[in-house]
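Each remark here refers to the structure printed beneath this line.
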Amino acid sequence: MRRLPEPDPGLPDTRSATRYLFWLVRKQWTSMTLGAFWGVVWMLSQALMPAAIGKAIDAGVSAKDSRELWRWSLVVFGLGCLTGLAGILRHRCAVTNWLAAGYRTVQLTAERATELGATLPGRIGTGDVVAIGTADASSIGATMDVSARFVGAVVSIVVVAVLLLRSELRIGLTVLIGVPLIMALVGPLLKPMHRRQSEVRALQGKLTGRANDIVAGLRVLRGIGGEPEFADRYRTQSQSLRFAGVRVARVESVLDSAQVLLPGLFVVGVTWLAARLALSHEITAGQLVAFYGYAAFLVVPLQTITEAWGRFLRAHVAAGKVVRVLALRHPLAEGSGPSLSSANDAADAEGTGALADEHSGLRLKPGSFTAVAAADSAEAMELADRLGRYRAAEGVTLDGTPLETLPLNQVRQRVLVADNDARLFAGRLADELAGPGVADTDAALASALHTAAAEDIVEALPEGLDAIVAERGRSFSGGQQQRLRLARALLADPEVLLLVEPTSAVDAHTEARIAERLATARAGRTTVVFTTSPLMLDRAERVVFLAGGRAAAEGRHRELLANVPAYRATVTREED
């Protein structure tokens with residue numbers, strides 16, 4: 001049996017949410033340790049304050065010794081200064097831990113989403129991915145933030161218990177028994193809160209995904225009159241999320257109340273016991289003040305511990321969603337062929353662009369300009385994905401080499417699939433079109449814009465190519481976006497360019513210009529246009545008619561119109 005490779009220590013363990021949280025702790029171990037140290041100093045300086053005040057009362061006030069009073073007053077002052085300094089440094093470390101964990105989570109998720117690419121939307125909801133960068137990263141970071149105070153709280157409780165045991169056994173035992181008892185009373189509230197938080201997180205992901213879908217398709221919804229129906233569905237889901245959030249808030253309100261009530265009762269009990277001992281002259285007045293101070297101080301670490309548990313539960317739910325994304329692997333197996341390590345290697349690896357698909361019978365000659373007309377648009381999209389290796393590409397060869405044996409990065413450099421699901425990103429227009437690595441950018445930009453008949457778009461912009469593109473190119477119409485996407489694909493200048501309905505949103509005059517210019521611009525490079533537009537089909541060197549997923553006929557556009565009734569019906573939208 002072949003031995004499995006050891007996991008990369010630099011990558012998170014995706015077997016459980018708890019393992020992921022511990023991996024984050026290891027990745028920022030230095031700042032976590034420093035934060036815990038300052039958290040302990042911060043809590044201990046407060047814990048020792050009652051002891052110093054008690055000594056000032058007994059040794060200074062009761063004994064009427066001004067020297068002792070000044071000495072212990074300086075100790076109290078020093079502890080106060082130390083508390084302030086340690087609090088500042090602890091808070092700085094806590095914020096660093098929070099941001100580091102949150103940003104690391106977002107970075108890992110973004111890297112995995114980029115790696116999965118077009119395969120991601122079909123495997124996990126968009127809302128779940130978006131929620132990781134908003135709510136989940138914050139929940140995970142908050143746990144790292146409270147960790148410093150949690151460590152300090154545990155250490156300070158132990159120190160106070162030891163001090164009380166040395167001063168008065170009965171009060172010390174009361175503290176040792178009372179603290180675990182309070183934790184035991186709070187514990188039953190944590191499990192239902194974890195369950196309800198998981199429910200809220202699932203509903204939140206679904207609602208975010210629906211909102212994303214509505215925004216992306218708002219124009220279409222308005223066009224078909226479906227806006228009210230989708231608004232009602234969103235409202236219904238929103239109310240479900242609100243009710244689930246209220247259920248969580250009920251448990252959290254009880255937990256928050258318990259954080260105040262139980263430690264408060266504990267303070268009352270310890271103070272009452274200390275007062276009884278003071279009345280019977282078993283302890284001094286200074287010890288009474290110290291015991292009260294200890295009891296009052298213990299409210300803070302007890303609340304911190306319960307707060308930490310609550311935050312950990314929220315982080316555990318969030319980490320579960322993160323792990324679900326990080327555990328995804330690309331469904332396409334990486335090819336075993338040689339990988340490209342540099343731009344020179346990429347250039348050497350380029351071939352003639354001869355692409356063939358045994359399943360459909362499609363054969364693309366090197367440097368040809370071919371149009372594929374499909375009776376079913378879904379079949380055309382499936383073929384384009386297979387030729388671009390966005391799905392299983394068994395039987396597809398590039399220059400005689402099986403496509404599945406080539407590394408994915410090499411396939412992406414040599415074969416480009418440009419469809420209407422592609423987006424324009426926010427930023428400077430020239431940068432969004434050209435991207436890095438485009439030689440002679442000005443000339444290439446001008447040529448690509450001319451081929452895509454997009455010069456008028458740039459001329460209409462006051463800043464021209466320096467104009468800032470809005471997110472998803474919302475400032476452009478559908479036809480303008482399509483022409484700009486075509487220009488971007490042409491600027492990439494791949495060995496094989498697969499265009500899926502590149503002119504479906506433009507008018508006939510513009511489409512005629514694009515069809516006339518495209519063949520000239522792509523001369524010597526393999527180009528395939530998946531379309532049923534007669535204008536584009538008439539300009540192609542060869543047209544392949546796809547029916548039932550197979551190449552049913554091929555030839556020039558006018559020949560197929562005259563001799564293939566099914567092709568004529570598809571192109572002219574007539575009944576066969």
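The values are calculated or read from the model by the stated rules, or taken from the named source; none is laboratory data. Just so we're clear, the structure is a prediction, and the values are computed from it rather than from any experiment. As a convention, Cβ positions derive from the backbone with ideal geometry for all residues, glycine included, and neighbour counts pool all protein chains shown. Ligands, DNA and RNA are stripped out before the accessible areas are found, and what is left, the full protein with its side chains, is counted by its heavy atoms. Shrake-Rupley method; radii C 1.70, N 1.55, O 1.52, S 1.80 Å.
Summary table
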| item | result |
| --- | --- |
| Some residue of the range 444-451 being in contact (Cβ under 8 Å) with a residue 40 or more places away in the chain and polar (S, T, N, Q) | yes |
| Lone unmet requirement of (1) open to solvent by 60 Å² or more (accessible area, probe 1.4 Å); (2) in a helix (DSSP H, G or I); (3) farther than 30 Å from V289 by Cβ; (4) modelled with pLDDT under 85 for R123 | (2) |
| Total residues in the range 329-370, condition modelled with pLDDT of 85 or more and either open to solvent by 50 Å² or more (accessible area, probe 1.4 Å) or under 21 Å from E115 (Cβ atoms) (or both) | 5 |
| Tabulated pairs, the range 145-156, first closer than 12 Å to T306 by Cα and open to solvent by 10 Å² or more (accessible area, probe 1.4 Å), second part of a helix (DSSP H, G or I) and acidic (D, E), C-beta under 9 angstrom, 6+ apart or interchain | R149/E307; F150/E307 |
| The listed residue being touching a Gly at 6+ places or on another chain (Cβ under 6 Å) and of a type in the set (G, A, S), out of A523, A487, A505 | A505 |
| Cross-chain or 6+ apart pairs with Cβ under 6 Å, the range 515-544 first and more than 19 Å from L445 (Cβ to Cβ) and open to solvent by less than 10 Å² (accessible area, probe 1.4 Å), then of a type in the set (D, E) and in a loop (DSSP other than H, G, I, E, B) | T531/E501 |
| Test: residue in the range 538-547 that is within 39 Å of the chain's Cα centre (by Cα) and either within 10 Å of F369 (Cα to Cα) or β-branched (V, I, T) (or both) | no |
| For I283: the one exception among (1) touching a Pro at 6+ places or on another chain (Cβ under 6 Å); (2) of a type outside the set (F, W, Y); (3) not in a helix (DSSP H, G or I) | (1) |
| Any chance R26 is within 35 Å of the chain's Cα centre (by Cα), open to solvent by less than 70 Å² (accessible area, probe 1.4 Å) and among the basic types (K, R) | no |
| Residue pairs meeting the criteria (Cβ under 6 Å; at least 6 apart or on separate chains; first at positive phi and surrounded by fewer than 18 Cβ atoms within 10 Å (Cβ to Cβ), in the range 283-303; second at pLDDT below 80 and in a helix (DSSP H, G or I)) | none |
| L165, sole failed condition from (1) under 29 Å from V317 (Cα atoms); (2) at pLDDT below 90; (3) touching a Gly at 6+ places or on another chain (Cβ under 9 Å) | (1) |
| Selection from the range 57-98 of residues that are modelled with pLDDT of 90 or more, aliphatic (A, V, I, L, M) and touching an Asp or Glu at 6+ places or on another chain (Cβ under 9 Å) | A94, V95 |
| Matching entry among A373, A384 (being part of a helix (DSSP H, G or I) and at pLDDT 85 or above) | A384 |
| Unique residue being under 24 Å from L34 (Cα atoms), part of a helix (DSSP H, G or I) and either touching a residue at least 12 places away in the same chain (Cβ under 8 Å) or out of contact with any helix residue (DSSP H, G or I) (no Cβ under 8 Å at 6 or more places or on another chain) (or both) when the list is A101, A113, A135 | A101 |
